[in-house]
Each structure stands twice: as C-alpha cells, then as structure tokens.
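Contents: one structure, followed by commentary.
The values are calculated or read from the model by the stated rules, or taken from the named source; none is laboratory data. Worth saying up front: this structure is predicted, and the values here are computed from it rather than measured. Ideal geometry is used to build each Cβ from the backbone, glycine not excepted, and the neighbour counts take in all protein chains shown.
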Amino acid sequence: MNRGRTIGDAFRSGSNSFDLLRLVAALMVLVSHSYPLAASPAGEPFQRYLKHDNGGSLAVAIFFVISGFLVTRSVLERETNRYVLARCARLLPALWVVTILEVTVVGVVCTTLPIGEYLHAQQTREHLYNVFIFPIRSVLPGVFADHPNRLVNGSMWTIPVEVACYLALPFLGLAGALRKYVVLALPVIAFLALWYVVREGHGWAKPGPYIIQGVPTYPGLRYIVFFVIGCAMWVHRDDIPLNGGMAFVCVAVLYAGTMGEAKPWLLYLTLPYLVMYAGLAHPVLASLRESIGDLSYGVYLYAFPVQQMLIWRLGVGIGPVTLMLLAAPITLGLAFLSWHLVEARALEWFRRRNGGPQPARAPAAPAAEAGIALAD
C-alpha cells in the first residue's frame, strides 16, 4: 500500500521553511511582550483571540518542536564530543555578547545609580554569570526599576530549559531511549509528569520549585514535552504522513478545544504536527539563511532589552503598537549584526575545526541543523 509522502521524504528533499518559522516565532515573542511591557490594558492579542496561550509561549513551543526534531538528528549522526561542540558554537558566542552588552551598555546607560556603585554591585557581577547559563539572571541594579517589568532580558529564562534538553539527549541516546518505538515513551512520560504538576496546582502563576537551577517545574516540563515530541517525530519521520488533511484535522481539533477545559492539552497533540507541516509541506523562503542570515536567535536575544530601552527613553505611554513598530527594525538590525559578526563566524570555526569526513546528509541539512530553537 502506498504510504504517501512522509515528513522524512519532505525533509530529504533538501528544502524547508524552518528558518522562516523560527524568525516568525521570534518576532511573535517581540509582539507578545510589547503588551505587558507597555502595561496595555487591552491585554495580549494572541491570548484574546486564540484562547490557547499567549503569543510568546506559543512561539517558544514552536522553537522547541523544531529543536527537538533537528537536534535529535544531530545527536544520532555525530560523535558526542562533536555534537556538544556544535551546540556550544551555535548557542554560546551570541549569548556571551548580549550578556556583556547588557552589563556594559544597557546597564551603564539606564541605571539610576552612580556608575561606580553600579559597576561594583553584586547584581552586576552576577549578571555576567549568565554566560554559564545555569541560572539566568535578568535584573541589574537601578535599571528599569520604575518599569511595569524591571527585567533587563525576560526572554532568556528559556535558554536553561533548552540547554538541559541538549545535555540530556546524548545520555538518552546511550541508554537506547532514542530507538524506534522506545522513543515514544519520552512524550508519554513527560506529558504525564506535566499533568501531575498541573493537577498539583502549578502553572504560570505558580511555576513550582526548580527541577534544575534556573528551570522551574511547570514551564520546564511544558517545553520539555514539546521538545521530546520533536525528538519522536525525527525518529519516526518516515512513518508520519505529511498531508493537508491531517493538518486540517489538527486545526479543527485545536479550534474545537477553545470551547472546553481541554484546550491547553490539545495544543501538545496538534501544534507539533502543524509545525512540521508548515516547515516541510510547501517550503517558503527556504534560502532565507543564504540571503540575510539566520536572524531568529539574535531577535530572541535582543528584542526584550531593546523594548525596555525604548520604554526607558520614551516612557511607558508609548503603547504596545508603537513599541513593537519601533523595536522590530532595531532588533532585526542587531540580529543581522549578531549573525554575521558572531554566530556565523562561530559556526564557520566549528566547521573548520571539524573538517574531517561528515555523515551523508540532505543538501539543505547543514543550514537546518545549524539552527537553534530559541531562535531556542
């Protein structure tokens, strides 16, 4: 019997829209954050109209699905040391740069403290520890203290969750948990753990204790579920049909879920397939990386501090629409510089350092694999 086109068939075609999806998701985070940062009484629009989640949370879920899918491929096809080095080259240099800029530019310009007192404050020194990821600190002394949200970079809290997933994958592979059928247990276990945590009263308002440093229980498990679903989809890529009918069913189920209490849970069952369909079924701007670069990670890193500095300069009365319209081009410009001056150079260094034979792979795979979920 003809199985039809699968996710694996589409991926091997050498063209996908994952870079575009990540960039759109990163911009969704910027748009979503504009409303609480500007203290908009209207509330965040994604949550008002979609009823499933706010735009930032939905965007991060998209990042984690794509990351689970692509990074599982990497861990299964590379030696562990090369896999770890590849993840470090993709993640750390841009994170180090934005951390230093937050302390030396954002903090120095915006602090209400005398510069000497600011530079010698414990919070300032601890902010530099963000380069070690666990944990991420988002407050600087005297900076944005009178804003509706005083965090310098409220987006970066998700990075420890993703890095924890990256670190766990090689161990799961060694334990045989990434084998076909066995891998299906990972989403089930993560989903049941999340269900138990929610049943115990945890959620966004009460995230629970840290499961590891910097990663609270509820949000950590939430995105781990999306990540391991992506892992399972890679392992079973040749078993999952890719067609518009299934995508339509997922949309219908998701819409129907807005009417009942099951709506948060239906997102886990439908969003991953919709992400794969959007990324693989009809690729759009598949050469985005070659034309302007992979800007998603840079957008994710720089959007929040750019928005906060605009509010510091123009006042909270700027409003969410003006805030996002001003912040978007500035953030895209910084992301462009981050990609061409930092991220792409780090990846080129990795390729030169590991210039030996590479596993056979589809033509577009190196570009796809270089991506990161947080832009996760």
Output the number of the condition that ARG313 fails; it satisfies all remaining conditions of (1) surrounded by fewer than 22 Cβ atoms within 10 Å (Cβ to Cβ); (2) farther than 27 Å from SER138 by Cβ.
(2)
Answer residue from the stretch 268-299, given it is crowded, with 24+ Cβ neighbours inside 10 Å, touching a Ser or Thr at 6+ places or on another chain (Cβ under 6 Å) and within 16 Å of ILE62 (Cβ to Cβ) and is modelled with the lowest pLDDT among those
GLY279
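Collect the residues in the stretch 42-57 that are in a helix (DSSP H, G or I) and surrounded by fewer than 20 Cβ atoms within 10 Å (Cβ to Cβ), keeping them in residue-number order. Give the steps one after another, and end with the answer.
Filtering the stretch 42-57 for residues in a helix (DSSP H, G or I) gives 45-50, 55-57.
PRO45, GLN47, ARG48, TYR49, LEU50, listed by residue number.
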Tell me whether the stretch 15-33 contains one or more residues that are basic (Lys, Arg) and over 20 Å from the mean Cα position of the chain (by Cα).
no
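Going by what's in this entry, would VAL225 be described as among the β-branched types (Val, Ile, Thr), closer than 29 Å to ILE7 by Cβ and at pLDDT 95 or above? Outline the logic, then answer.
Working: among the β-branched types (Val, Ile, Thr): yes; closer than 29 Å to ILE7 by Cβ: yes; at pLDDT 95 or above: yes.
Judged against the criteria, VAL225 is a match.
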Among the numbered criteria (1) buried (at least 20 other Cβ atoms within 10 Å of the Cβ); (2) over 20 Å from LEU271 (Cβ atoms), which single criterion is violated by GLY14?
(1)
Scan the stretch 141-158 for residues that are out of contact with any Ser or Thr (no Cβ under 6 Å at 6 or more places or on another chain), aliphatic (A, V, I, L, M) and buried (at least 24 other Cβ atoms within 10 Å of the Cβ) and jot them down.
MET156
Residue that is farthest from TYR268 (Cα to Cα), among those in the stretch 43-64 that are hydrophobic (A, V, I, L, M, F, W, C) and touching a helix residue (DSSP H, G or I) at 6+ places or on another chain (Cβ under 7 Å):
PHE46
With the first residue restricted to the stretch 9-22 and required to be within 10 Å of LEU288 (Cα to Cα) and in a helix (DSSP H, G or I), and the second required to be basic (Lys, Arg) and modelled with pLDDT under 95, Cβ contacts under 7 Å at 6 or more apart or on different chains are ASP19/ARG289
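Within the stretch 116-151, can you find the residues that are part of a loop (DSSP other than H, G, I, E, B) and among the polar types (S, T, N, Q)?
Across the stretch 116-151, the qualifying residues are SER138, ASN149.
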If you go through the stretch 68-115 one residue at a time, how many are surrounded by 15 or more Cβ atoms within 10 Å (Cβ to Cβ) and not in a helix (DSSP H, G or I)?
3
